[in-house]
1. Tally time: how many residues in region 166-179 are β-branched (Val, Ile, Thr) and more than 12 Å from residue 89 (Cα to Cα)?
2. Only residues that are open to solvent by less than 20 Å² (accessible area, probe 1.4 Å) and at pLDDT below 80: list them for region 5-28, please.
3. Any idea which of (1) farther than 30 Å from residue 169 by Cα; (2) open to solvent by 10 Å² or more (accessible area, probe 1.4 Å); (3) within 16 Å of the chain's Cα centre (by Cα); (4) at pLDDT below 90 is the one residue 49 doesn't satisfy?
4. Considering each of 122, 113, 156 in turn, give the residue that is closer than 25 Å to residue 87 by Cα and assigned to a helix (DSSP H, G or I).
5. Within region 29-36, identify whether any single residue is at pLDDT 85 or above, over 30 Å from residue 162 (Cα atoms) and among the β-branched types (Val, Ile, Thr), and answer yes or no.
6. Give 227, 256 a once-over and let me know the one that is at pLDDT below 75, within 30 Å of residue 183 (Cα to Cα) and touching a helix residue (DSSP H, G or I) at 6+ places or on another chain (Cβ under 6 Å).
7. Name the pairs whose Cβ atoms lie under 8 Å apart, with the first residue in region 71-96 and under 22 Å from residue 167 (Cβ atoms) and at pLDDT below 85, the second among the charged types (D, E, K, R) and surrounded by 19 or more Cβ atoms within 10 Å (Cβ to Cβ), and 6 or more positions between them or separate chains?
8. In region 63-85, how many are open to solvent by less than 40 Å² (accessible area, probe 1.4 Å), among the polar types (S, T, N, Q) and out of contact with any Cys (no Cβ under 6 Å at 6 or more places or on another chain)?
Amino acid sequence: MKNSTEILFVLQGLNETMSTKQTYYVITLLAYLFTILVNLTLIATIILEKTLHEPMLIFLCNLCVNGIFGACTFYPKILVDLSSELSVTPYKACLAQIFVIYSSVFCEFNTLAVMAYDRYIAICKPLNYHSIITPQKVVKLLLFTWLFSICESAFAVVLIARLPLCGFKIQRIYCGVWAVVKLSCVDTTINNVYGTILMIFHFSQVVLVLISYVNIIKASVRSPEDRSKFMQTCLPHLIALTSFSFAFLFDLLYARYGPTDRLLAFRNFMSLEYLIIPPLLNPLIYGLRLNQIRRRIFRLRCQKIRALK
């Protein structure tokens, strides 16, 4: 087959009429704008309010930055596809989208794991919290979430780029790792092994987070203050973690082992859920649950209203 760098992939996940695509376009555009708005609001609130410069809220700010990072890669491309009769993407653009989307996904896992570690220390070892979670430690953890995620995704893209391809039709709405790997003409054992290692590592993170929460729940029954801390910070974290992990695991397993000619609508929904819902859900559930953020946002709105009068 011709050089893979000359391939123009056809994305077959959007097999809809133009009238239906126009409806999806409006909904997608509104979701995109709202995602950017709520994440920027939370980021600006945490940055501008010095009393919110706590490790947990800094990690939450990082989660929102990652949400914008992923959204700005996914949404513009799908909006272009929804306004076109045919969804296509060049080979290099496909690899770039894989790199950014999976960097964002891995960063989400790593950040949620770091947030769980922070909550474990705060609730189970409150007297040692400030000596363990120092400003230097926070910077190191933030660097870990990004650098490690980027390295994971970059190596996956390198493994894909070495494969000669014998096809150009991708049964998805966007470029995914396994959708491209399945088009290869040669043995993909190395890609499969690396993908399995990543899957085991990140879902081991989820298991460790759940184990830590067992200890957190045991510790949180000691006092009303600990129970309140659990409900405000840990419960939203559990909701975000379980929703994101379940959708990503389903999409990953179905992309690797499931048939490509069945359940297209359901597969599209599940493959979009972990890209669309977390960036929307995270700032909303944390912004509503954390009193200090909610009060600060309310004060900022009141100040703007007074300024307009």
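The values are calculated or read from the model by the stated rules, or taken from the named source; none is laboratory data. None of these values were measured; they are calculated from a predicted model. Quick reminder, even Gly has a Cβ in these numbers, built from the backbone with ideal geometry, and neighbours come from all protein chains shown. Note: accessible area is taken over every heavy atom of the protein model, side chains too, but ligands, DNA and RNA are not part of it. Shrake-Rupley method; radii C 1.70, N 1.55, O 1.52, S 1.80 Å.
1. Count: 1.
2. Passing the criteria: 7, 13, 21.
3. It is condition (3) that residue 49 fails.
4. 156
5. There is at least one residue in region 29-36 that is at pLDDT 85 or above, over 30 Å from residue 162 (Cα atoms) and among the β-branched types (Val, Ile, Thr).
6. 256
7. Matching pairs, first to second residue: 87/81.
8. Of the residues in that region, 2 qualify.
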